[in-house]
Amino acid sequence: MTLQIFLLILGFLLLIKGSDWLVEGASALARKFNVSDLSIGLTVVAFGTSSPELVVNTFAAFEGHHDIVLGNIIGSNIVNIFVILGIAGVITPLTIQRSTISKEIPFSFLAIFMIYIFGNDFFTSSTGRISRFEGFILLFFFSLFLIYVYKQLKVNVSIQSDTRIQRSVIQIILLILSGLAGLIIGGRLIVVNAVQIAQAIGASEKVIALTIVAAGTSLPEMATTITAAVKKNDDIAIGNIIGSNIFNIFLIIGISSIIRPVEFNKAFNFDICFLSFGTIFLFIAMFTGKRKKFDRWEAGAFLVFYAGYLIYLLRG
């Protein structure tokens, strides 16, 4: 099993570095064609930060590892809310914009609610799965979110001087190809070795996906959010997490279920409820203590909640 652990770690390294190279190369290519930073931020960078989850889920969906498809996304969103936001909030109390409280957090809760409804077939005829049709519905809501983000960016956009390194076309192509190769090889290594590790230790694919795989694919969000918290850039710290959670469910589960309808393991209902609890707690926290502030004690509570959740998973 030592080899599988090594290959899993290698897969994460390739996945994260591949997403960095892809974003850097695609952004440089877009600027060569005078594409605005607004458009780049909305498309290239947004895709890049969620590309680890997307690539892992694409492989898992094609190979029928449904628990990895759901566990990776639900687990990543749980890590984002409870661990990454918790660490960032302990570093510095986070001030949250009105639009995040009134629109983005509720939209994130809507995404969770839709997965719960689709998976449990409350209003559909499919039997215990997220169908292709439901995948298209998720993508429709993702397009609505993109329109909202675009309008927000138009309101908040500022002009900055371009001090980035100018790259040649060959350098750009090499960056993009290297990024794609890193993503593809890394994603494949993660899926194959996560399954083998689960089999070797007698754990379910669900538990491995919710913990190890989810934590690994959340590394880009962790780096961005914690760096933003250290630099006192609250908008990026909180916006990155909420946006990523919306992106993960609507886009990535949407695409995964279109590739192959995702069989829904009812055991995920507890994890979905836990994620819902975190999202609702974050919303309520905006109206307690200092308004629009995510205080250190609330962030610390998130970390304690996650520790309890992890103990529950590993004992189950």
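The values are calculated or read from the model by the stated rules, or taken from the named source; none is laboratory data. Just so it is clear, the structure is predicted and the values come from calculations on it, not from any experiment. Positions of Cβ are backbone-derived with ideal geometry, glycine not excepted, and every protein chain shown enters the neighbour counts.
The set of residues from the range 199-211 being at negative phi and surrounded by fewer than 22 Cβ atoms within 10 Å (Cβ to Cβ) comprises GLN199, ALA200, ILE201, ALA203, SER204, VAL207, THR211. Selection of first residues in the range 40-57 that are of a type in the set (A, V, I, L, M) and of second residues that are in a helix (DSSP H, G or I) and modelled with pLDDT of 90 or more, restricted to Cβ pairs under 6 Å at least 6 apart or on distinct chains, gives the following pairs, ordered by first then second residue: LEU54/ILE252; VAL56/ASN72; VAL56/ILE190. Yes or no: the range 113-131 includes at least one residue that is closer than 23 Å to ILE238 by Cα and aliphatic (A, V, I, L, M). Yes - at least one qualifying residue is present in the range 113-131. One residue stands out in the range 234-274 among those that are more than 22 Å from PRO106 (Cα to Cα) and not aliphatic (A, V, I, L, M): the one that is surrounded by the fewest Cβ atoms within 10 Å (Cβ to Cβ), namely LYS266. When each of THR288, THR227, THR279 is tested for being surrounded by fewer than 18 Cβ atoms within 10 Å (Cβ to Cβ) and within 19 Å of the chain's Cα centre (by Cα), the lone residue that passes is THR227. Restricting PHE281, PHE277, PHE247 to those that are among the hydrophobic types (A, V, I, L, M, F, W, C) and either part of a loop (DSSP other than H, G, I, E, B) or at pLDDT 95 or above (or both) reduces the list to PHE277.
Can you find a residue in the range 121-136 that is within 28 Å of PHE33 (Cα to Cα) and either in contact with a Cys (Cβ under 8 Å, 6 or more places away or on another chain) or at pLDDT 90 or above (or both)? Checked the range 121-136: no residue is within 28 Å of PHE33 (Cα to Cα) and either in contact with a Cys (Cβ under 8 Å, 6 or more places away or on another chain) or at pLDDT 90 or above (or both).
Of all residues in the range 189-221 being hydroxyl-bearing (Ser, Thr, Tyr) and outside any helix (DSSP H, G or I), which is farthest from THR58 (Cα to Cα)? Among those that are hydroxyl-bearing (Ser, Thr, Tyr) and outside any helix (DSSP H, G or I), it is SER204.
Quick grid of which residues meet (1) in contact with a Cys (Cβ under 7 Å, 6 or more places away or on another chain); (2) closer than 25 Å to SER50 by Cα; (3) in contact (Cβ under 8 Å) with a residue 60 or more places away in the chain:
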site	(1), (2), (3)
ASP235	no, yes, yes
SER244	no, yes, yes
GLY254	no, yes, yes
PHE270	no, yes, no
ILE284	no, no, no
LYS292	no, no, yes
ALA299	no, yes, yes
TYR312	no, no, no
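Is at least one residue of the range 7-21 outside any helix (DSSP H, G or I) and modelled with pLDDT of 90 or more? No, the conditions are met nowhere in the range 7-21.
In the range 10-24, the residues that are aromatic (Phe, Trp, Tyr) reach residues that are part of a helix (DSSP H, G or I) and surrounded by fewer than 20 Cβ atoms within 10 Å (Cβ to Cβ) with C-beta atoms within less than 6 angstrom, at least six apart or across chains, in these pairs: TRP21/SER178. Can you report the number of residues in the range 201-223 which are closer than 11 Å to PHE12 by Cβ and out of contact with any Ser or Thr (no Cβ under 6 Å at 6 or more places or on another chain)? Adding up the residues that qualify gives 5. Working only within the range 46-104, note down all residues that are hydroxyl-bearing (Ser, Thr, Tyr) and farther than 28 Å from ALA181 by Cβ. Residues satisfying the conditions are THR92, THR95, SER99, THR100, SER102.
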